[in-house]
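Reading through the structure tokens given below for one structure.
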Amino acid sequence: MKALRFKKFGDIRDVLAVEDVPIPTPGPGEVLVEVHASSINPADVKNVQGSFPQTKPPRIPGRDVAGVVVGGDDAMIGMAVWASGGDIGFTRDGSHARYIVIPKKGARQKPSSLSMEEAASVGTNYITAYLGLIEKAALKEGETVLVTGAGGGVGSSVIKIAKTRAARVIAVDRQAPDKARLPGIDLGLGSDSDDIARRVMEFTGGRGADIAFDCVGGPLFETALNTLGKDGRQVNITAVGERRVSFDLLDFYRRQLTLFGVNTAFLDTVAAGHILDAIRPDFEERRLTPPRIARTCTLSEAVQAYADVGSGAAKGKIVIIFTE
């Protein structure tokens with residue numbers, strides 16, 4: 001079968017190539033999935049470049065997948081599935097190939113409302129958003145959520161999930177986003193132009209946000225923390241720029257704030273499958289929508305697509321599609 005593979009870490013164009021490799025054989029508790037579509041995430045690019053110590057080349061990258069089960073469990077043959085996980089493409093071969101073997105408990109029924117391309121675009125962004133917002137920060141209906149990096153893949157997913165809980169959403173991006181660009185937001189603020197803490201306090205009548213979901217870290221970490229009211233919770237998923245941050249510890253404990261670090265690299269395929277099952281009804285009933293797909297490409301075009309994701313040139317998801 002054809003697969004995208006790297007034998008050592010390095011620059012995308014130097015180490016990533018399409019190769020012929022054997023079709024994998026499922027073991028006990030596993031299924032063979034014929035891949036119809038798989039998206040490219042920034043983490044996939046960083047994986048090829050050597051940012052994840054758990055990865056041992058040679059390796060087929062690719063974290064998110066949608067396809068059809070063709071082997072391993074007779075009861076599942078023919079089932080349209082989607083899957084993701086911090087192990088796929090890292091400690092096991094990934095989805096940027098014609099076939100992939102994954103644990104059968106991680107291969108979950110795909111929402112019938114989504115095409116294969118749409119289903120393949122959902123995984124990492126929505127899983128990160130759900131893990132941080134629902135499982136860690138325990139969003140309650142009607143709370144106020146502030147999201148930094150709101151225009152990005154995870155940020156926009158946080159907004160959509162928050163609205164399914166009737167939350168009020170404050171979106172922060174470099175340029176203040178509006179409701180046409182990010183449907184569902186209640187207030188848009190610019191990280192370079194607005195006094196964010198003051199505007200949040202005005203918007204909430206001095207109460208502050210209940211949750212700050214920080215998709216930027218570094219330069220916005222303390223800013224996000226300062227928007228929280230008493231018993232507020234902050235979720236951090238990355239560290240852009242300066243990795244070390246500081247904040248007023250006295251103010252922190254007096255307001256009884258809580259910090260959550262979220263790293264989906266530790267979420268395996270089975271655990272990720274539980275989250276995909278949890279959000280599937282919202283996709284089926286169209287309360288959630290997939291990310292914007294910038295373009296699709298074939299496997300032979302995937303190296304360029306990786307380069308585009310790595311450089312930030314891709315404004316939306318790039319999805320690899322597989323044809324006979």
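The values are calculated or read from the model by the stated rules, or taken from the named source; none is laboratory data. Please read all numbers here as calculations on a predicted model, not as lab measurements. All Cβ positions, even for glycine, are placed from backbone atoms using ideal geometry, and neighbour counts span all protein chains on display.
Scanning segment 164-180 for residues that are of a type outside the set (S, T, Y) and closer than 23 Å to I279 by Cα returns R165, A166, A167, R168, V169, I170, A171. A176 passes every criterion in (1) more than 24 Å from E284 (Cβ to Cβ); (2) touching a residue at least 24 places away in the same chain (Cβ under 8 Å); (3) crowded, with 17+ Cβ neighbours inside 10 Å apart from (2). Specify the residue that is modelled with the lowest pLDDT; the eligible residues are those in segment 265-292 that are of a type in the set (A, V, I, L, M) and under 14 Å from the mean Cα position of the chain (by Cα). Filtering first and then ranking leaves A265. Taking segment 1-74 and the strands (runs of 3 or more DSSP E) fully enclosed by it, the elements with 1 or more residues that are in contact with a Gly (Cβ under 6 Å, 6 or more places away or on another chain) and at pLDDT 95 or above are at 30-40. Apart from one condition, G316 fits all of (1) assigned by TED's automatic domain parsing to the domain that holds S51; (2) over 18 Å from the mean Cα position of the chain (by Cα); the exception is (2).
Filter segment 279-302 down to residues that are of a type outside the set (D, E, K, R), exposed (fewer than 15 other Cβ atoms within 10 Å of the Cβ) and not assigned by TED's automatic domain parsing to the domain that holds W82, then give me how many there are.
1
Only a single criterion out of (1) in contact with an Asp or Glu (Cβ under 8 Å, 6 or more places away or on another chain); (2) crowded, with 24+ Cβ neighbours inside 10 Å; (3) not in a loop (DSSP other than H, G, I, E, B) is not satisfied by V101, namely (2). Being buried (at least 21 other Cβ atoms within 10 Å of the Cβ), in contact (Cβ under 8 Å) with a residue 12 or more places away in the chain, in contact with a Pro (Cβ under 8 Å, 6 or more places away or on another chain) and part of a loop (DSSP other than H, G, I, E, B) is a property that holds for G94.
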